[in-house]
Amino acid sequence: MEKEVSIYFHWPYCKSKCPYCDFYKIVDRNINQAEVIDKYIKDLDDYHKMLPNRVIRSVFFGGGTPSLIEPQYIERLIDHIHKLWSVRQNMEISLEANPNTNKTEMFSNLHAAGINRLSLGVQALNERDLKFLGRTHTLKDALESIDDVLCVFDNHSMDLIYARPEQTMSSWMSELEQAVSFGFKHLSLYQLTIEEGTVFERKGVKALEVDQAAEMYQQTVDFLRNNGYPRYEVSNFATEKYESVHNKCYWMGDDYIGIGKGAHGRLKADGQHYALEYPNINEKLSPYERAQELILMGLRLEKGIQKQYFEQICGLSFNQVVPQLKIDELSELKLIKNEKDRIFATDKGFLVLNKIIEELCA
């Protein structure tokens, strides 16, 4: 069987930029979409010349606000992928959407274009926090979009942001109960962090105090486990059937290519690791550099790092990369569990995951 690869389309364009966002985005309402899509088609052709025999595992339209793309252009890209490569049966094709782009029949048109998994960026379920987060949709917009998404798609996800300034545990849990009641197959919950260079950082906005945020996270994990949404990655919750196929390729270290401004990728070809960056910059990575990336991403998963798969990808055993002494120290602190076939963070460890990764990668 030919090796699989995933495709990420980055649509950097937005109607506005949220004050917490530090991603590469372009605020422009007058994009010549046909020209941009023509460039994406050319990029697909270039990657096909490089990787003619791969099988496409998944496709993801992220951003930015990819729900701004006219459905006919999405259909064109999906059709072109099918012309160039073989694809996995029932291939997951995801798109991120914002409630502020919900036009008449938008979601049904996206579905007809080939999207089979829709991720809705709601972020908050009250007017005050939507305004604070700089969202340009109202709660009414969000609820209408939720109804439409659940009606049109069988596979769907919703994003929320927690640990907002002055957010109380009781208000967050009420919001979380409402989120669960909708019946989404997948939830993505992101802790608000104040990133350098953002509007929030310039205005001196402070995130929720660290201990409060940690307690909020742990209660969130416990509540969702008890309500049919087990954690499978630090910020993502779903039963195994509805885990994101595409995002797991990042966390597990599988190959993916990125198309569009701000996109990047990772690729192993002829035994060499490459970091791909738009436009078509291929930087060689050493096995050790790739191994450190696998630790950084793999420990985010509830199941952790599968040691045999880790070695299969980077060519190094876990103990060649991380001294046993460090593993033992973190195990004694009950922050990680080191088993014969895998290594993973404990519930306690997930609360200080960045520190664990720093220790293992130092």
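The values are calculated or read from the model by the stated rules, or taken from the named source; none is laboratory data. This structure is a prediction, so every number in the text was calculated from the model and none was measured. Neighbour counts run over all protein chains shown; Cβ positions are idealised from the backbone, glycine included. Heads up: the accessible areas ignore ligands, DNA and RNA and are worked out on the full protein's heavy atoms, side chains in. Shrake-Rupley method; radii C 1.70, N 1.55, O 1.52, S 1.80 Å.
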**Prompt:** Taking L285, is it free of Cβ contacts under 8 Å to residues at least 24 places away in the same chain, crowded, with 17+ Cβ neighbours inside 10 Å and not polar (S, T, N, Q)?
**Reply:** yes
**Message:** Of the residues E311, E358, E332, E339, only one is touching a Lys or Arg at 6+ places or on another chain (Cβ under 9 Å) and either surrounded by fewer than 20 Cβ atoms within 10 Å (Cβ to Cβ) or at positive phi (or both); which?
**Reply:** E339
**Item:** Filter result (over 22 Å from S94 (Cβ atoms) and either among the hydroxyl-bearing types (S, T, Y) or open to solvent by 50 Å² or more (accessible area, probe 1.4 Å) (or both)) within region 144-174
**Value:** Y162, E166, T168, S170, S171, S174
**Message:** Would you confirm whether or not region 25-43 contains a residue that is open to solvent by less than 10 Å² (accessible area, probe 1.4 Å), over 14 Å from K261 (Cα atoms), in contact with a Phe, Trp or Tyr (Cβ under 7 Å, 6 or more places away or on another chain) and modelled with pLDDT of 90 or more?
**Reply:** no
**Complete:** Checking L125, L133, L95, L110 in turn, the sole residue that is closer than 23 Å to Y242 by Cβ, in contact (Cβ under 8 Å) with a residue 40 or more places away in the chain and in contact with a Pro (Cβ under 8 Å, 6 or more places away or on another chain) turns out to be L110
**Complete:** Scanning region 233-250 residue by residue, those of a type in the set (F, W, Y) and either open to solvent by less than 10 Å² (accessible area, probe 1.4 Å) or over 15 Å from E92 (Cβ atoms) (or both) turn out to be F237
**Asked** In this structure, is E177 surrounded by fewer than 15 Cβ atoms within 10 Å (Cβ to Cβ) and out of contact with any Lys or Arg (no Cβ under 8 Å at 6 or more places or on another chain)?
**Response** yes
**Item:** In region 196-226, residue modelled with the highest pLDDT [restricted to those that are open to solvent by 70 Å² or more (accessible area, probe 1.4 Å) and not in a helix (DSSP H, G or I)]
**Value:** N226
**Complete:** Picked from region 1-17 (must be more than 19 Å from L95 (Cα to Cα) and not acidic (D, E)), the residue surrounded by the most Cβ atoms within 10 Å (Cβ to Cβ) is K3
**Asked** Out of the residues in region 53-103 that are hydroxyl-bearing (S, T, Y) and assigned to a strand (DSSP E or B), which is most open to solvent (accessible area, probe 1.4 Å)?
**Response** S86
**Request:** For residues that are under 14 Å from the mean Cα position of the chain (by Cα) and buried (at least 19 other Cβ atoms within 10 Å of the Cβ), scanning just region 263-279, find the one that is farthest from N53 (Cα to Cα).
**Result:** A263
**Request:** Taking the options N116, N90, name whichever one is closer than 26 Å to L51 by Cβ and in contact with a Ser or Thr (Cβ under 9 Å, 6 or more places away or on another chain).
**Result:** N116
**Message:** Cβ contacts < 9 Å: first residue of a type in the set (D, E), restricted to region 235-254; second residue assigned to a helix (DSSP H, G or I), any location; separation 6+ or different chain. Result?
**Reply:** D254/K248; D254/I313
**Request:** Given the conditions (1) at positive phi; (2) open to solvent by less than 60 Å² (accessible area, probe 1.4 Å); (3) in contact with a helix residue (DSSP H, G or I) (Cβ under 6 Å, 6 or more places away or on another chain), report the number of the one that G260 does not fulfil.
**Result:** (3)
